[in-house]
Each structure stands twice: as C-alpha cells, then as structure tokens.
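Reviewing the structure listed below.
The values are calculated or read from the model by the stated rules, or taken from the named source; none is laboratory data. Predicted model, so just to flag it, every value in this text is computed and none were measured. We place every Cβ from the backbone using ideal geometry, glycine too, and count neighbours over all the protein chains shown. Ligands, DNA and RNA are stripped out before the accessible areas are found, and what is left, the full protein with its side chains, is counted by its heavy atoms. Shrake-Rupley method; radii C 1.70, N 1.55, O 1.52, S 1.80 Å.
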Amino acid sequence: MLSELNSLQIKLHLSATKFAKTGPRDFSNTSCKPFTMRVSVDENDDDTESEAEEYGSLSDGESTFGNQCSYLMDEEGIVGTALHELSHENHLQVKEEIRNKISALETDLSEKYTSALTQVVRYREARCEMDRKFDTQYQRKIAEALDNHLTTVQRDHELRSQIEERKIRSDAAYEEAKRKEKASQEEKLRQEKAKAESEVLIKIFWNAARLEEAKRAALEAERRAAKEAAERLASETSTRVVARVAQEDVGLQMNANAGTSSKVLWAAESALNFEQARLHKFKEVDERNQALRLTYNKDLSSYEKLIKRSINQIRRSTKVVSEKACEIVKIFHDPHCPQSVSMAVFAKKVISYCISPDNDAFACAYVIVLVTSQVPHAMDLLLAELHRACIYTVPKHITYSESAFESKGAYYKVLGYKESDGKLESTKDYLRRLESYMKLYGALVQTEVQDFQNTHGLKEGWAWIARFLNTLPVNRDTAVALSAFLKMAGFALFRKYKTQFIKVLSYIWNNFLQELKGCEDPAREDLKLSATIRDIQNYMEDKLFLKVPEERALMGGALLSDVFLV
C-alpha cells in the first residue's frame, strides 16, 4: 500500500514539473493601446461625467493593465493559459485518482482489519473456552485427588479404629482372663479350705449328715408323690374316657357310617398309635426336664426368654425366618442348656405363638421345618404339644356320654376348652383357637424348603385328610378344622396328588357338606354353621386350591437354603 502511495506522489510530481514555467516572460516590448470606452450622452450627464472621471482614473495605471491585456491577448499567453488549465485539470484528476485509490485502500484495510479483528475475537473465545475446559479438567482432577485423599484418610481412620477396638477387646479379654483366673484361684483356695474344714468336721457331723439325707429323701418322695398326684388329676378325665371307650369298643377305630349314639371316641387306630407314641416321648422328656431343673445349677429361664423372643419376632420375610431359625438352633446346641429343655420350650412357645393376634402360620412353619431338620426330635415334641392343644390335629373327635364324663364341663375340657377363674371359655373363643391350631398344622405339612427335610410333610397331610374323612363325624368342630386345613394345605396337596385330591374334594362336596347342612340348627347359637358352610363352598366353587395362598411366599426373594446358616 505504501509503494502505491509513493508511486502516485512521484507521478504527481512529474506532471507538475512538465507543465512548470521555465522562466518569467518578457512583456516589455509588447505594445498595448489604451482601452477607451465610449458611452453616448443621455439625460444623466452627471453620471456620465462621473464615469468618465472614473475611467480617466483607470488610465492612470495604464502601464500595469496594459501589460496584462497584452499578456491575455498575446497568442503565447493563450497557450500558457491552456497549458496551465490543462495542468490544473491533470493535477485535479491525479488527486481524484489518488483519493479514489486511498478510499479503496482504506476500504480494503477496513475489511482486512474487520476480518483480522473477527479472527482475533474468535481466537480469543476459543482460547477462553479451552482455558475453561482446562480449568474444569484441573478442578475435576483436584476433586478426584481430594476424594482419593479423603477416602485414604477415612480408610486409615477406620483401620486405626479397628486396631484400637481390637486392642481394647484384647485388653478386655486379657483382663477378663486374669479376673477369671483370679476367681478360679480364689474358688480353688476356698474349696480346698472348705474341704479341709469338712474333713475336720466330717466325723463330728456324720450322724447329722445321715439324718439330713434321710430328710431329703423323704422330701423328694413327697415331691414325686405330689407330682404324680397332679398328673393323675390332670389326666384323670381323658384316661377315664379312653378306658371306658376301650371297654365299649376294643378296636378304637370307628366307621363313619356307624351310628353316632353309641360311640365316644372317633379316630383311626394308626392315628391314635402315633399320638400315644408322641405323648409318651413328651412325658419322658418332661420328667427328665423336671429332674434336670432340680439338679442343674444354672438358671435356664434366660434361654426360655431367648426362645420366646425369637418365636414372637417371626415375620413373613426370608431374612427374618432364617435369622430366627439360626438363633433357635444355636440355643439347641448350647452346651450350657440341656437340649431336652430347649426343645420342650420351643414346642410350647410355638403353640402359644400360633394363637397370638399377630401370628403368621406360614412363616412359623418355615421356622419349624428349618429347626427340626437340624434337630429331628423337636418335631415329635411339637406335634405332641399340638395334639394336647387340639385333638383334631391327630385327628380324633370325642362325643359326649354321660357314662364317660362326670359333667359337660369335664367333657369340654377334654375337647380343649380353657378354664379361667372357674369358668370355661366361650365356644366362639374355642373355635377361634381351634382354627389357629389347624392353620399351623396345615401350613406345617405343606411347607417344603430346598435341601431341608420336612419330617412331617405332605405325605402326613394326605394321611390326615384321609383319616379325617373316614373316621370323624360331621359337626361344627370338624367343619371348622377341615376348612382351616384346606385353606392352608389344599394348594400343595392338589399340586402333588392331582386327580386324587379332586376326588377328595368331590366327596367333601357330595357328602360332608350335605350332612353338615343337616346339622345346622338356626334356633341354637352354637349350631349356626352357615359361615363355615359358606367358607367350604366358596373354597371349592372358586377353586381356591388352584391359587397359591397369599401368605405362603416369604418376602425377600432369596431361597431359604441360600441364607440359612447354622
């Protein structure tokens, strides 16, 4: 651009030099006549005279004006003037060209400046964006490094805490060991001292010791006699019933088609044999436990509380069921508590739990299967306790007979009615408990856990329903028992026995229900069977045995065999 400006200036200078004057012109020899202006005389004489004077005054400068006129009129002056004008025009044209080129150059410079400025702005924005990205990455790296540092610090703190805890536990264990050792030494010294004293006094108090032993034996005999009297008193009614029924019917097995008026005990012989075997085991364990409680130095009530708490906390959750089963099995294997005592407490607390308001029969059945698979003898004690609480779990039924029972109250006690303050519970409460017992029994026989054996499973459930329909009479109590059992175990029985179970349901519909409807007496409150009849009918009409009971599945999703650890 500067080179173009320099070239224009040089061109302008050359053109000016071309048309420049070479020297001053000589007008001395040029002759010039004076300019005379003629004006006609008119009315304004005064004006004319004044003008004449004026022009006369102009003639006074004749030499100067004359020279100019001679220059203008000279031919060479005309050419110079033309050249001067031409030079002036050329000068103006060159200036215009220079101005146009300068304007074009300025426009070009402005565009280039704008473009360069735009590029600079873009570069600056790109640089700022790159700086922001670098800042973000740097901040992220700083945050990650800080997070890693904090994690390391926290891990180090946890490690130190664990080391401190281990040190504290180790110190505590060491102190406890020292304390126990000291106590053991003190106990040993005390025993040695007591032994020495006893050896010194043994001869003096020999007769007194023998007398004390005799008294103790007498007290033990009295206690056993009182216990046997209490047992005889508690089982007097049922024993008398069984004895009289044995005299009336040697076989003990009743046919459902036989007359109901002359029969007292309704049960299959095999069911009674199983019941007697379980009750016999229960009695043996109970006697052994009473003897252990008298001779055992340690208080066992704490273990009973632990078992009770574990059973009361049973809920329909895989995790809860497995945890409670593990707790109970650990108590069974605790060397400080006799297993017979813990099994008896377990059986008793399970029966109490099944009639509590917040009980869950299916969850309880899962716990029973898990526990008894590890300790099989616990199942016999549990079933014996269940038979004592509800005779329909055998199954068996007892009808009233004046020759067999002293009173209706004694008969109701044999059936399982509870007495409180000298009064028997209401039939409504009794049937509610009966239904709870049967629900637990039905849930128990249908419960299956992978890798764990249910020693009283579906086979026993199928035998129960066959004995029930073949031997027991149709009445209010048996109807409630059957309805509760079907609700809990019907689905599992149908899944295994298929058409055979359908035949059983058909027999219930065509025979049991029809006979049950004939037993209903609207005039008697205790014989209103409409609700029970409706429950059984709805169960078969809606085909509920095809649907899995809602409470059957445990919440949690995992298999019990995966989470149960002993």
State which residue is farthest from the chain's Cα centre (by Cα) when the search covers only the range 323-366 and only residues that are among the polar types (S, T, N, Q) and surrounded by fewer than 21 Cβ atoms within 10 Å (Cβ to Cβ). 340
Going residue by residue through the range 251-265, is there one that turns out to be of a type in the set (A, V, I, L, M, F, W, C), open to solvent by 50 Å² or more (accessible area, probe 1.4 Å) and either modelled with pLDDT under 85 or under 30 Å from residue 326 (Cα atoms) (or both)? no
Looking only at helices (runs of 4 or more DSSP H) that fall completely inside the range 423-536, which ones have 3 or more residues that are open to solvent by less than 10 Å² (accessible area, probe 1.4 Å)? 427-446, 458-471, 476-497
Residues that are over 27 Å from residue 267 (Cβ atoms) and in contact with a helix residue (DSSP H, G or I) (Cβ under 7 Å, 6 or more places away or on another chain), drawn from the range 360-390: 362, 363, 366, 367, 370, 371, 374, 375
If residue 305 meets every condition in (1) surrounded by 13 or more Cβ atoms within 10 Å (Cβ to Cβ); (2) under 34 Å from the mean Cα position of the chain (by Cα) apart from one, which number is that one? (1)
Determine, yes or no, whether residue 417 is free of Cβ contacts under 8 Å to residues at least 60 places away in the same chain and open to solvent by 30 Å² or more (accessible area, probe 1.4 Å). no
Do we have any residue at all in the range 368-376 that's of a type outside the set (A, V, I, L, M), part of a helix (DSSP H, G or I) and open to solvent by less than 30 Å² (accessible area, probe 1.4 Å)? yes
Taking the criterion of being of a type in the set (Lys, Arg) and either open to solvent by less than 60 Å² (accessible area, probe 1.4 Å) or in contact with a Gly (Cβ under 6 Å, 6 or more places away or on another chain) (or both), would at least one residue in the range 280-293 satisfy it? no
Any residue in the range 197-215 that is modelled with pLDDT of 85 or more, open to solvent by 90 Å² or more (accessible area, probe 1.4 Å), of a type in the set (Lys, Arg) and farther than 30 Å from residue 291 by Cβ? no
Please enumerate the residues belonging to the range 282-326 that are of a type in the set (A, V, I, L, M) and touching a residue at least 12 places away in the same chain (Cβ under 8 Å). 285, 292, 300, 306, 307, 311, 314, 320, 321, 325
Do the conditions hold for residue 496, that is, is it under 28 Å from residue 546 (Cβ atoms) and charged (D, E, K, R)? yes
For the range 388-395, indicate whether the set of residues that are of a type in the set (S, T, N, Q), on the phi < 0 side of the Ramachandran plot and open to solvent by 10 Å² or more (accessible area, probe 1.4 Å) is non-empty. no
